[in-house]
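> If you scroll down you'll find the structure; I have some questions about it.
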Amino acid sequence: MIELLLPADVSSASTRAETVPDGALFPEEEALIAKSVAKRRNDFATARACARRAMAGLGLPPVAVLHGHRGRPLWPEGIVGTLTHCVGYRAAALARAADVLSLGIDAEPHAPLPTGVRELVALPAERERIGPPAPEGTGEIHWDRILFSAKESVFKTWYPVTGVELDFVQADLTFRRTDGPGSGHGSQGPTAAEGTFAARLLLTDPALPATLHGRWRVEDDIVATAVLVRPDWRESKGM
């Protein structure tokens, strides 16, 4: 699903598998999760399996993907990339730095946010725009979960360029639905729904535009979002 949100010069790979065969990790990667619980090991390993498939899509040999501060993946020189994992979905997206300045992807289960999280991640204006939480099991779009995922993609795009951590309330997001008439806020959702979003950054940096643009999609009980910034963003807009 993530490949539907990204341009052709980004190599992406995803899986629904929860585990990978033993021996799929490089020794350096194994050392990072030697003492981790099974869920953490599985998330780590399946995401890196996707990363290696994405590397192959760029004509690159498979290499270990270690991590830096706060788990940020470390990529080969000249490559930018991003990982995501949630129950039932893992993905990686990579591009050449000559083509893409930074990108972020995120996947989440398409379900309401846990109690109290909505108020922590959404600005008052955002809560007003997306409306009240949709009841689970009704088939409606869970805009609060899309908002959460989109902010994760925004932050994954922001941090590698700026080196500064961004809080949830330092980005103000607006959404547009493109698979049907109107915005679709609070309406009955189809099997798949998709659209775009704009993230106005309340903390700015000259290395990135003050508004980041992305795409979202809901399909098979998964929310996926993606943000991409081109090196020539001052002269062009969009993905």
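The values are calculated or read from the model by the stated rules, or taken from the named source; none is laboratory data. All figures in this text were calculated on a predicted structure; none of them were measured in a lab. Note that we place each Cβ from the backbone using ideal geometry, even for glycine, and neighbour counts take in every protein chain shown. Note: areas computed on protein heavy atoms with side chains; ligands, DNA, RNA excluded. Shrake-Rupley method; radii C 1.70, N 1.55, O 1.52, S 1.80 Å.
> Leaving out ligands and nucleic acids, and using a 1.4 Å probe, what accessible area per residue does the range 17-154 come to in Å²?
Working: 6390 Å² over 138 residues.
With all protein chains present, the range 17-154 gives 46 Å² per residue.
> Near the amide H of L58, under 5 Å away, which other amide H atoms are found, from residues 5 or more places off or on another chain, if H is placed in the peptide plane?
Amide H to amide H, under 5 Å and 5 or more residues apart or across chains, L58 pairs with nothing.
> Report the charge-dipole magnitude of the chain in Debye, nearest 20, computed about the Cα centre from +1 at each Lys and Arg Cβ and -1 at each Asp and Glu Cβ.
200 debye
> What area, in nm² and to one decimal, does the C-alpha convex hull of the range 49-100 cast on average over all directions? Before the final figure, lay out the partial values.
Values: hull surface 15.7 nm².
So the Cα hull casts an average projection of 3.9 nm².
> Okay, next question. For V169 and E219, calculate 0.36 nm times their separation in residues minus their Cα-Cα distance, and state this gained length in nm to one decimal.
Numbers: separation 50, 0.36 × 50 = 18.00 nm, distance 2.68 nm.
Taking 0.36 nm per residue and subtracting the Cα distance, the gain is 15.3 nm.
> First compute the accessible area of the chain with a 1.4 Å probe, then give the percent of it belonging to carbon and sulfur atoms. Please list the in-between numbers first.
Values: 6100 of 11160 Å².
With neighbouring chains kept in place, the figure for the chain is 55 percent.
> So, one more: Highest mean first, how do 100-113, 77-90, 155-168 rank when packing is the count of other Cβ atoms within 10 Å averaged over residues? Spell out each step's value before the answer.
Numbers: 100-113: 22.1, 77-90: 20.4, 155-168: 17.4.
Result, highest mean first: 100-113, 77-90, 155-168.
> Starting from the Cα-Cα distance between H69 and R16, subtract it from 0.36 nm times their residue separation and give me the gain in nm to one decimal. Don't jump to the answer; show the numbers that get you there.
On the way: separation 53, 0.36 × 53 = 19.08 nm, distance 2.71 nm.
Full extension of this stretch gives 16.4 nm more.
> log10 I(q)/I(0), Debye, Cα-only the range 37-137, no solvent, q = 0.10, 0.13, 0.17, 0.21 Å⁻¹?
Normalising to I(0) and taking log10 leaves -0.39, -0.62, -0.88, -1.07.
> Further question on the same structure: Relative contact order of the chain, please, whole-number percent, based on alpha carbon pairs below 8 angstrom and at least 6 residues apart.
Once normalised by length, the contact order is 19 percent.
> Taking a ≥ b ≥ c as the square roots of the Cα gyration tensor eigenvalues, with a/c under 1.5 meaning rounded and otherwise prolate when a/b beats b/c, else oblate, which class fits the range 107-156? Mind dumping the intermediate values first?
On the way: a/c = 1.75, a/b = 1.21, b/c = 1.44.
Since a/c reaches 1.5 but b/c is at least a/b, the shape of the range 107-156 is classed as oblate.
> So if I take the alpha carbon set of the chain, get Rg, then get Rh from the Kirkwood formula, what is the Rg over Rh ratio?
Values: Rg = 17.5 Å, Rh = 18.3 Å.
Dividing the radius of gyration by the Kirkwood radius yields 0.96.
> Keeping all protein chains in the complex and leaving out DNA, RNA and ligands, what accessible area do you get for E140 with a 1.4 Å probe, in Å² to the nearest 10?
Looks like 50 Å² after rounding.
> Please compute the length gained on full extension between T178 and E119, using 0.36 nm multiplied by the number of residues separating them and subtracting their Cα-Cα distance.
Values: separation 59, 0.36 × 59 = 21.24 nm, distance 2.66 nm.
18.6 nm is the gain from fully extending T178 to E119.
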